[in-house]
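Data block below; observations after.
The values are calculated or read from the model by the stated rules, or taken from the named source; none is laboratory data. Worth saying up front: this structure is predicted, and the values here are computed from it rather than measured. We place every Cβ from the backbone using ideal geometry, glycine too, and count neighbours over all the protein chains shown. Only protein heavy atoms, including side chains, enter the accessible area calculation; ligands, DNA and RNA are left aside. Shrake-Rupley method; radii C 1.70, N 1.55, O 1.52, S 1.80 Å.
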Amino acid sequence: MKKIIFTLALLLTASQMCMAKECETSCCPAPYDLTSGFSRFVSTATGQNFIAEKVGESLVKKAIKKNIVSGKVSAKLDSYSTRDLKAGRFKSLEITGKDVDVEGIYISYFNAKTLCNFNYIAPSGDNNYIVKENIPIAFNTEITEDDLNKTMNSSDYKRLIDDINNIGGSLNIFQIISTSVKLKNGKMYYIVRYAMPFVRKSKEVVISSDINVENGKIVLANTNFVRNNSLMDIDKFSSILNYINPLDFSAKILENKDANFSIKNVKISDQKINIDGIITVLKDKE
């Protein structure tokens, strides 16, 4: 259970992937190992299934909250029966989060929902579980300008800046002092303040950029200087910005050796960045 719960907890917000349309046909397994139709009827009629679903939702929320610093999380679980749910077989799981902080990565809103009507995570003893079938999950997130700027102040993100500064320092070129982001008119604006050797005052460069999806990842495109108080080359700065791209940095929380993910769409609207895609929790090898 830890694998799927941890992966879902990180869906805040994306390889070989099952896309939504493909999943409806080839990726979703037919239900199997289910209890009898009569048992499922009795479980529903007596209200036992409803109670089991609520207990399951509570456990999911509790597990997710262990992996986040702050934020509101809700879960909706749909099961076949009490016995099936206990055995790890369920119809669907949907998780929604608001104003979430995952160890320095901030997301205003996220929603994640399983795509198949049969999901199977079987108990294997010692409180461990085996993912019996691939579990495709659709997700969408909203990341605000404020979210990005708070993320860029995290210790992990600052380590990316340190990597750039180590290179710049070894070549005696420049040192990045601070970075921030503005979202306006469908574009992302990077404000980078930096220092150069033998120059007293720090300098500032502002770069506008579109954001696109290439091969399931977020990349910057059509970068241009809005304000440039130096002779810095735009191509060099574009390479730097793609390395420290806070959107890509935020998406990396989804990377997991037990799951494949792909971002499908990204769009800037009303000072928010909307991202959607699919992640597939991979079945364990027998």
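Name, by its number, the condition in (1) buried (at least 22 other Cβ atoms within 10 Å of the Cβ); (2) part of a loop (DSSP other than H, G, I, E, B) that does not hold for E133.
(1)
Please go through (1) more than 17 Å from the chain's Cα centre (by Cα); (2) of a type outside the set (K, R); (3) surrounded by fewer than 16 Cβ atoms within 10 Å (Cβ to Cβ) for G88 and return the number of the only condition it doesn't satisfy.
(3)
Regarding segment 106-116, can at least one residue be identified that is more than 23 Å from the chain's Cα centre (by Cα), over 25 Å from K285 (Cα atoms) and either of a type in the set (A, V, I, L, M) or surrounded by fewer than 18 Cβ atoms within 10 Å (Cβ to Cβ) (or both)?
No, because not a single residue in segment 106-116 is more than 23 Å from the chain's Cα centre (by Cα), over 25 Å from K285 (Cα atoms) and either of a type in the set (A, V, I, L, M) or surrounded by fewer than 18 Cβ atoms within 10 Å (Cβ to Cβ) (or both).
For segment 68-85, what are the residues that are closer than 11 Å to N49 by Cβ and either surrounded by 18 or more Cβ atoms within 10 Å (Cβ to Cβ) or among the hydroxyl-bearing types (S, T, Y) (or both)?
Selection gives L77, S79, Y80, S81, T82, R83, D84, L85.
Would you say K98 is open to solvent by 50 Å² or more (accessible area, probe 1.4 Å), part of a strand (DSSP E or B) and among the basic types (K, R)?
Spelling it out, K98 is indeed open to solvent by 50 Å² or more (accessible area, probe 1.4 Å), part of a strand (DSSP E or B) and among the basic types (K, R).
Suppose we filter N222, N265 for residues that are open to solvent by 60 Å² or more (accessible area, probe 1.4 Å), in a strand (DSSP E or B), modelled with pLDDT of 70 or more and on the phi > 0 side of the Ramachandran plot; which single one remains?
Exactly one residue qualifies, and that residue is N222.
With respect to the numbered conditions (1) in contact with a strand residue (DSSP E or B) (Cβ under 8 Å, 6 or more places away or on another chain); (2) open to solvent by 30 Å² or more (accessible area, probe 1.4 Å); (3) more than 19 Å from I278 (Cα to Cα), which one is the sole condition not fulfilled by N128?
Exception for N128: condition (1).
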